[in-house]
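Trainee: Got a structure for you, questions after.
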Amino acid sequence: MSKVIAVFSGGLDSTTMVYDLINRGDQVDCVSFDYGQRHRKELEFAEATAHKLGLRHDVIDLSDLSLVLAKECETSLLGNSPVPEGHYAEENMKSTVVPNRNMIMLSIAGGIAVARDAQCIATAVHAGDHAIYPDCRPDFIDSMCFALTDGNEGLSAFLRDPVIAPYIYKTKADIAFAALQLDVPLHETWSCYKGGDIHCGKCGTCVERLEAIDEATTRCNGMNNTREDYDKTEYEDGEFWKEAVRQAAETRV
Ligand SMILES: [Zn+2]
């Protein structure tokens, strides 16, 4: 058993990771970041899940930093402009980049880990993030391991690799599959970039989420059950994703 500081957004990936870590017997503290997201929905879901699981949860306020790429500020996540709709892998999703986000989050989580004698920190970055987000790639995680180890030599309880990224070579569908196997209540996770009452079903992360859960459902049971049997999340539009995925596939050929 390790003590782990989990970077926890309240989304599907990091919520599944937290359930996964608990399932393997780790002691988990959660840390979330308020970096001025256009809505606080994810943070509310993170808070609720941490409370339900009885985990320590800290929210670090970075909102004063205004982390917006200057060239993207008109379409940034942090502005008031429309959230891009369509498939996650498309060029328009680059407007959802928050500069240096993972380094900032892992660095702060690393500091918390040293202070609390934790053996490692955990992030739920996955293979689907690699193309758009450079700080979700394996090389970056390796660099953070070196930096945290060297920067805290003699001070920490870190393992040899202080950053664990259990999903870094996994797809979003792999994570959704893990979520189904771990009985993660999917409706208690929030993915939508818009902050409505329910998931919109049309923004990039909603499309990615629905595609992943659909594939995981198929892997789980063959034909008998539908996505709705596993996923009690409400979506404004639960069908749009199919067309977005089809169009994205056509564009790629
Ligand atoms: Zn959405």
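The values are calculated or read from the model by the stated rules, or taken from the named source; none is laboratory data. Predicted model, so just to flag it, every value in this text is computed and none were measured. Because the Cβ atoms are built from the backbone with ideal geometry, glycine has one as well, and the counts that use them run over all protein chains shown.
Trainee: Residues of region 1-41 being of a type in the set (D, E, K, R), at pLDDT below 95 and out of contact with any helix residue (DSSP H, G or I) (no Cβ under 9 Å at 6 or more places or on another chain), which ones? Explain how you work it out, then say what you get.
Mentor: Let us first name the residues in region 1-41 that are of a type in the set (D, E, K, R), namely 3, 13, 20, 24, 26, 29, 34, 38, 40-41.
Subset that is at pLDDT below 95: 34, 38, 40-41.
If the condition is that a residue be of a type in the set (D, E, K, R), at pLDDT below 95 and out of contact with any helix residue (DSSP H, G or I) (no Cβ under 9 Å at 6 or more places or on another chain), then R38, R40, K41 are the ones that fit.
Trainee: Which of the residues that make up region 136-157 are at pLDDT 95 or above and surrounded by 16 or more Cβ atoms within 10 Å (Cβ to Cβ)?
Mentor: Of everything in region 136-157, those that are at pLDDT 95 or above and surrounded by 16 or more Cβ atoms within 10 Å (Cβ to Cβ) turn out to be F140, I141, M144, C145, A147, L148, T149, N152.
Trainee: Can I ask one more? Go through region 23-60 and report how many residues are part of a helix (DSSP H, G or I), out of contact with any Leu (no Cβ under 7 Å at 6 or more places or on another chain) and over 20 Å from D197 (Cα atoms).
Mentor: Keep residues of region 23-60 that are part of a helix (DSSP H, G or I), which gives 23, 41-53.
Now restrict to residues that are out of contact with any Leu (no Cβ under 7 Å at 6 or more places or on another chain): 41-53.
If we keep only those that are over 20 Å from D197 (Cα atoms) as well, we get 50-53.
The number of residues fulfilling the criteria is 4.
Trainee: Still on this structure, please answer the following. R219: within 23 Å of R40 (Cα to Cα), in a helix (DSSP H, G or I), of a type in the set (D, E, K, R) and in contact (Cβ under 8 Å) with a residue 24 or more places away in the chain, yes or no?
Mentor: Details: within 23 Å of R40 (Cα to Cα): no; in a helix (DSSP H, G or I): yes; of a type in the set (D, E, K, R): yes; in contact (Cβ under 8 Å) with a residue 24 or more places away in the chain: yes.
Spelling it out, it is not the case that R219 is within 23 Å of R40 (Cα to Cα), in a helix (DSSP H, G or I), of a type in the set (D, E, K, R) and in contact (Cβ under 8 Å) with a residue 24 or more places away in the chain.
Trainee: Residues that are modelled with pLDDT under 75 and small (G, A, S): does region 87-94 have at least one? Explain how you work it out, then say what you get.
Mentor: To start, the set of residues in region 87-94 that are modelled with pLDDT under 75 comprises 87-94.
If we keep only those that are small (G, A, S) too, we end up with 89.
Taking every residue of region 87-94 in turn, at least one turns out to be modelled with pLDDT under 75 and small (G, A, S).
Trainee: Please tell me if I213 is part of a helix (DSSP H, G or I), buried (at least 19 other Cβ atoms within 10 Å of the Cβ) and within 16 Å of the ligand (Cβ to nearest atom).
Mentor: For I213, the condition - part of a helix (DSSP H, G or I), buried (at least 19 other Cβ atoms within 10 Å of the Cβ) and within 16 Å of the ligand (Cβ to nearest atom) - is met.
Trainee: Restricting attention to region 190-210, and to residues there that are among the β-branched types (V, I, T) and either assigned to a helix (DSSP H, G or I) or near the ligand (Cβ under 8 Å from one of its atoms) (or both), which single residue is nearest to the chain's Cα centre (by Cα)? Give the steps one after another, and end with the answer.
Mentor: So in region 190-210, the residues among the β-branched types (V, I, T) come out as 198, 205, 207.
Filter once more, keeping what is either assigned to a helix (DSSP H, G or I) or near the ligand (Cβ under 8 Å from one of its atoms) (or both): 205, 207.
On the way: T205: 10, V207: 15 Å.
Among them, the one singled out is T205.
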